[in-house]
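Before any comments, here is the structure.
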Amino acid sequence: MSCLILSSIPTAWSTAAEMPATPKRPGVKPRNVIFVLTDDHRYDAMGFMGHPFLETPNLDQLASGGVHLKNAFVTTSLCSPSRASILTGLYTHKHRVIDNNRLVPEGTVFFPQYLQRAGYSTAYIGKWHMGAANDDPRPGFDHWISFRGQGNYLPPGPKYTLNVNGERVKQKGYITDEMTDYAVDWLEQQKDSDKPFFMYLSHKAVHSNFTPAERHKDRYANADLSFLPRGEGIDAENNSPRWVRDQRNSWHGIDFSYHSDNGLDYLYRRYCESLLAVDDSVGRVMEQLKKMGVHDETLVIYMGDNGFMWGEHGLIDKRVSYEESMRVPMMMHCPDLYEGGKVVQQVIGNIDVGPTVLHAAGLETPDYIDGTSFLDLPNQPTMDWRKNFLYVYYWEKNFPQTPTQFALRGDRFKYITYYGLWDTDELYDLTTDPGEKKNLLHDPAYKSVAKEMETELYRMLGDAGGMDIPMNQPKGNSQNKRWSEKGGNESADFPAAMVVEEPANQEAK
């Protein structure tokens, strides 16, 4: 076995024949699986989550007719690292796709390769986004439809193309609908096959630049957005980090969002309208399963690749360790397995997707994978499960306002620490402060909690081989501008706990 990533961690093999064995699980019949991934869809942007106006009947049906995994998180809230963790079952520092510019290291194994070896028909349809200029077919998939980088909601020109099984084919129309067309067509081809199938449908939506389908444009033009937060309560007195308050006037802040003056409300309306085509897509896929007569036996998993901030902490977008950034929507549906309306409380990670799909295929998970199958969790809610979840993000020069950070998310508390930054770390009680506004790190009553979580965080990082910080040479431009009209020449105050009235060292000589 020759490892091509880290000498101590067996995550890549020179040939498929060297891939670890995946013994069959006794008594588990391989079933069809569909995994639907969306981009930047935050955990609560769905009708059944109590959204004030969003209409998502098909996503709602996945939850009411199946299972809502309400505490689903990603190991890194950024497109490429999260997608790599889904496909490999590994933490970011292991698969090494630490930003949106880096290709997956040669020889990395994706879990669909194990499905292929077990006799599955496999398809990848949609956004890949690991290596911006490359949309070539990847290992693990018999059928391949993709596009370079972020792709485009609408063709930018008459010669713009998709990669369809290695051939250049023109994009015809709105990308969410077109990827769904390809998905439904491929499913139709499976109806007379003796093989089980796995389809990975990966949407560009709802990534910026938010562009709704024509039929959904201006649907929410007059919607009341008074419920959106505007960074209230994020201040030095509550020991909010200085970098967070400075970031408010930045590419990822509500005062200078994407270096534009369109403002939070305009962007949010477009975001919501862009999501509607995703809901339509889910409905079309589920209807196709009914036409094929495999609706009840097929496992459908829906997930977002990362969360999204919409005014919380004065921020937009992702990357940070706060709940709205790292928490994602996740539902699964399979009437043969689950009664409708089940809710899973345990913390699920994107590293758990591969093991769960392998489980549904009747296969054991290779030992090197970090994730765990949650297939049985809805029906066995007391089964042993993780107590804490590890989150990492590595600084990008492209977006220099967000520092390297590590977080430990437990059932009650979250601990966040930063690397190479003169500022405060953070501790929050999620039960009493779900908005993460009151930093308890400097409260003597929580000193032992902070120390315990810090120790556990570094233990988990050490066990997972993550004590060395990976680096990439920067690519692209640095979005480092501030807007003078919004106080761009001023910096935020230091957290109150870091400011002293008298010299702390009385013994200096």
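With contacts defined as alpha carbon pairs under 8 Å and 6 or more residues apart, what's the relative contact order of the chain in percent? Could the numbers behind the result be given before it?
On the way: 1102 pairs, mean separation 114.6, N = 509.
Relative contact order of the chain: 23 percent.
If you add up the charges near Pro57, with Lys and Arg at +1 and Asp and Glu at -1, over every other residue whose beta carbon is less than 12 angstrom from its beta carbon, what do you get? The partial results should precede the final answer.
On the way: positive: none; negative: Glu55, Asp60, Asp279, Asp280.
Overall, the nearby charge balance is -4.
First measure r as the distance between the Cβ atoms of Val169 and Glu287, then evaluate 1/(1 + (r/R0)^6) with R0 = 30 Å and state the FRET efficiency to the nearest 0.05. It would help to have the intermediate numbers written out before the result.
Numbers: r = 25 Å, r/R0 = 0.83.
FRET efficiency, Val169 to Glu287: 0.75.
Can you name the helices of the chain, as whole DSSP H runs, whose Cα span along the helix axis is 18 Å or more and whose Kyte-Doolittle mean is not below -0.5?
Helices passing the filter in the chain: 264-292.
For the chain, divide the Cα radius of gyration by the Kirkwood radius and give the resulting Rg/Rh value with two decimals.
On the way: Rg = 22.7 Å, Rh = 23.6 Å.
When Rh is taken as the Kirkwood radius, the ratio is 0.96.
Here is the link list: Lys172/Lys195; Lys24/Lys204; Lys342/Lys387; Lys127/Lys191; Lys451/Lys509. Which ones come out longer than 23 Å on Cα distance?
On the way: Lys172/Lys195 31 Å; Lys24/Lys204 34 Å; Lys342/Lys387 21 Å; Lys127/Lys191 25 Å; Lys451/Lys509 32 Å.
Over 23 Å Cα-Cα: Lys172/Lys195; Lys24/Lys204; Lys127/Lys191; Lys451/Lys509.
Starting from the 7 Å offset along Cα-to-Cβ, what nm value, one decimal, do you get for the label separation of Val499 and Lys447?
Going by the 7 Å Cα→Cβ label model, 2.4 nm.
What FRET efficiency, computed as 1/(1 + (r/R0)^6) with R0 = 41 Å and r the Cβ-Cβ distance, is obtained for Tyr368 and Asp411, rounded to the nearest 0.05? Walk me through the intermediate numbers first.
Numbers: r = 27 Å, r/R0 = 0.67.
The calculated FRET efficiency here is 0.90.
How far apart, in nm, are the 7 Å Cα→Cβ label points at Ser484 and Asp185?
5.3
For a quick check of understanding: with a 1.4 angstrom probe and all protein chains in place, what accessible area in square angstrom does Ser484 have, to the nearest ten?
90
Accessible area of segment 321-396 with a 1.4 Å probe: how many percent of it is carbon plus sulfur?
Values: 1030 of 2380 Å².
Here it works out to 43 percent.
Starting from 0.36 nm per residue, how many nanometres of slack lie between Lys195 and Tyr458 once their C-alpha separation is accounted for?
Numbers: separation 263, 0.36 × 263 = 94.68 nm, distance 4.45 nm.
Once the chain is fully extended between Lys195 and Tyr458, it gains 90.2 nm.
Exposed loop sites here are GluC sites (Glu not before Pro) in DSSP loop states with at most 13 other C-beta atoms within 10 Å. What is the longest stretch of the chain lacking them? Present the calculation step by step, with values, prior to reporting the outcome.
Values: sites that count: Glu106, Glu232, Glu339, Glu490, Glu501, Glu507.
Maximal segment without exposed cleavage sites: 340-489.
I want to check the label-to-label distance for Val28 and Ser64. Put each point 7 Å from Cα in the C-beta direction and report it in nm to one decimal.
The modelled label-to-label distance comes out at 3.1 nm.
Would you list, by chain and number, the aspartates and glutamates whose Cα falls below 12 Å from the Cα of Lys414, excluding same-chain residues fewer than 8 positions away?
Glu323, Asp425, Glu426, Asp429, Asp433, Glu436, Glu452, Glu454, Glu456
What FRET efficiency do you get for Lys387 and Trp422 if R0 is 35 Å and r is their Cβ-Cβ distance, rounded to the nearest 0.05? Could the numbers behind the result be given before it?
Working: r = 32 Å, r/R0 = 0.90.
After rounding, the FRET efficiency stands at 0.65.
Could you give the length gained on full extension between Glu232 and Gln345, defined as 0.36 nm per residue of separation minus the Cα-Cα distance, in nm? Each step should come with its number before you reach the end.
Working: separation 113, 0.36 × 113 = 40.68 nm, distance 2.84 nm.
Answer, rounded to one decimal: 37.8 nm.
Where only protein heavy atoms count, and the probe is 1.4 Å, what is the accessible area per residue for the chain in Å²? Show your work: numbers first, answer last.
Values: 20920 Å² over 509 residues.
Computed with neighbouring chains in place, this is 41 Å² per residue.
The values are calculated or read from the model by the stated rules, or taken from the named source; none is laboratory data. The structure presented is a predicted model; accordingly, all values stated were derived computationally and were not measured. Here the Cβ is made from the backbone with ideal geometry for all residues, glycine too, and neighbour counts use every protein chain on show. When the accessible area is computed, the model is the full protein with side chains, heavy atoms only, and any ligands, DNA or RNA have been set aside. Shrake-Rupley method; radii C 1.70, N 1.55, O 1.52, S 1.80 Å.
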